[in-house]
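Reading through the structure tokens given below for one structure.
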Amino acid sequence: MAGNSFGDLFRITTSGESHGKALGVIIDGCPSGLELNIEQIQYELDRRKPGQSKVTTQRKEKDIVEICSGVIGGKTTGAPIMLMVQNLDVDSGKYENIKDKFRPGHADHTYFAKYDTRDWRGGGRSSARETIARVAGGAVAKQILKKYSQTEIIGYTVNIGGVEAIKRNYDFIEKNILRCPDSEIYKKMMEKIEEVREKNDSVGGAVEVVAKHVPIGLGEPVFDKLDAELSKAFMSIGAVKGVSIGNKNVETLLGSEYNDEMRAENSKIRYLTNNAGGVTGGISNGEDITARLSVKPTPTRTGVNMMLPTENYRNEEVIIEGRHDPIIMPRLVPVAEAMMAIILTDYLLKQRAYKFKA
């Protein structure tokens, strides 16, 4: 299976399955001498882990991270960093009755068609549990960004089933189970969740990610545009089906409305608006980088009868069991932040190489 590595100078390689022994990430390119805060890595994993609230899967995993290499005395050595999280609350028995069947909305059919086999225990690599490795790698990237550029990344749930957040109160994000930045809209989002839950259904929505204090000049002007790589990073998250950078209403705006006018302030250029989302010509312009991720509904709903084709393509009605999220957005927030951090760290290291003078 190819495609398990991401990034160039700062590069992560992930491994592990939903019901395997453990999941892990190997991080290449972390500068030496960084005081790696394992508590910060654990904090990010805690934000992602299951069983946090009534709107997440009730699988109980502590997701305790272990540093296996690349760190001595709390500081990075420049060698590859290996981080590992063990699976402890595994219950593969719930999948026994569908191990030879394909669930709609999942990767069961396409994995089998490609590899002639698949891990039926919770989806294997296609499970959202794969994102543990991304969050761990992103937690290291965040620490690099903090040290070298003071860049801060903030994610939040902005839409659930068409209920859209209006305010952006960052202080409220981690004080509610939806990670919504709007206290009034949060109540309406919860009502929407209860509405679909009563129908034994699930609902999609959207997540926004903002990067503040991003250095000017990150990115490349043609194929490796910063916004192109960000879009690839976000779209690699299993539940994400669409990405927009900057103003999400770009299709309806006139050129006079969209263009971000510039002004000179204290020998620096400042933008009066940020419709471009902090990226111009594929290169960061110094404004906040903003991205919106469209997230699909959870494909599996516990206890629902579904018509599932078997390997021989016979229709068979089964009851799907297991532990699943009724919505994905709150736990996707730290994953989206991690992918943003990995991309920005990679480009920050590239930019530092450009500035090297012999």
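Between LYS75 and ASN37, the distance separating the two model label sites (each 7 Å from Cα on the Cα→Cβ line) works out to 1.8 nm.
Lys and Arg at +1, Asp and Glu at -1: add these up for the other residues within a Cβ distance under 12 Å of SER183 and post the number.
Numbers: positive: LYS167, ARG168, LYS175, LYS187, LYS188; negative: ASP171, ASP182, GLU184.
Spelling it out: positives minus negatives among the neighbours equals +2.
P(r) tail, segment 5-354: Cα-Cα pairs separated by more than 38 Å, 19% of all pairs. In a fully extended conformation the segment linking MET262 and LYS21 would gain 81.4 nm over its present Cα-Cα distance, using 0.36 nm per residue. For segment 24-30, the Karplus equation 6.51 cos²θ - 1.76 cosθ + 1.60, evaluated at θ = phi - 60°, returns couplings of x, 9, 10, 10, 9, x, 6 Hz by residue, with Gly and Pro reported as x.
For the chain, the mean residue ellipticity at 222 nm estimated from helices alone is -8500 deg cm²/dmol, where every DSSP H run of n ≥ 4 contributes -39500 (n - 2.57) and the total is divided by all residues, rounded to the nearest 500.
Residues whose amide H comes within less than 5 Å of that of ASN159, counting only those at least five positions distant or on another chain, are ALA165, ALA206 (H built at 1.01 Å from N in the peptide plane). Phi-derived couplings, Karplus 6.51 cos²θ - 1.76 cosθ + 1.60 at θ = phi - 60°, listed residue by residue for segment 223-232: 6, 9, 3, 4, 5, 5, 5, 4, 4, 4 Hz, with x used for Gly and Pro. The alpha-carbon of LYS75 sits under 29 angstrom from the alpha-carbons of these lysines, leaving out residues fewer than 8 places away in its chain: LYS21, LYS49, LYS62, LYS142, LYS146, LYS147, LYS212, LYS350, LYS355, LYS357. Using alpha carbons only, the radius of gyration of segment 199-299 set against its Kirkwood radius gives Rg/Rh = 1.05.
Less than 5 angstrom separates the built amide H of VAL243 from those of SER294, all sequence-distant by 5 or more or on a different chain. Residue exposure proxy: HIS19, HIS213, ordered by other Cβ atoms within 10 angstrom of their Cβ from fewest to most, comes out as HIS213, HIS19.
Taking a label point 7 Å from the Cα of LYS212 along the Cα→Cβ vector, which residues of segment 261-302 have an amide N closer than 14 Å to it? Backbone N within reach: 287-290. Summarising the label geometry, the points placed 7 Å from Cα in the beta-carbon direction at LYS94 and THR117 lie 2.5 nm from one another.
Across segment 167-177, coupling constants 3J(HN,Hα) worked out from phi with the 6.51/-1.76/1.60 Karplus curve, θ = phi - 60°, read 7, 10, 9, 4, 5, 8, 4, 8, 9, 9, 6 Hz, and Gly and Pro carry x.
Each of THR273, THR14 was scored by other Cβ atoms within 10 Å of its Cβ. Arranged with the fewest first, they read THR273, THR14. Exposed loop sites are taken as chymotrypsin sites (Phe, Trp or Tyr not before Pro) in a DSSP loop (any state but H, G, I, E or B) with at most 12 other beta carbon atoms within 10 Å; the longest stretch of the chain without one runs 1-222. Database remark: amide H of GLU220 closer than 5 angstrom to the amide H of LYS225, LEU226 (H placed geometrically; neighbours at sequence offset of 5 or more, or on other chains; Pro and chain starts carry no H). Using C-alpha pairs below 8 Å separated by at least 6 residues, the relative contact order for the chain is 21 percent. As a rough footprinting exposure proxy, the listed residues ASP260, ASP100 were ranked by other beta carbons within 10 Å of their own, and the order from fewest upward is ASP100, ASP260.
Only the coordinates and a few stated rules stand behind these numbers; no lab work does. What you see is a predicted model, and the numbers here were worked out from it, not measured in a lab. Virtual Cβ from ideal backbone geometry, glycine too; neighbours counted across all protein chains shown.
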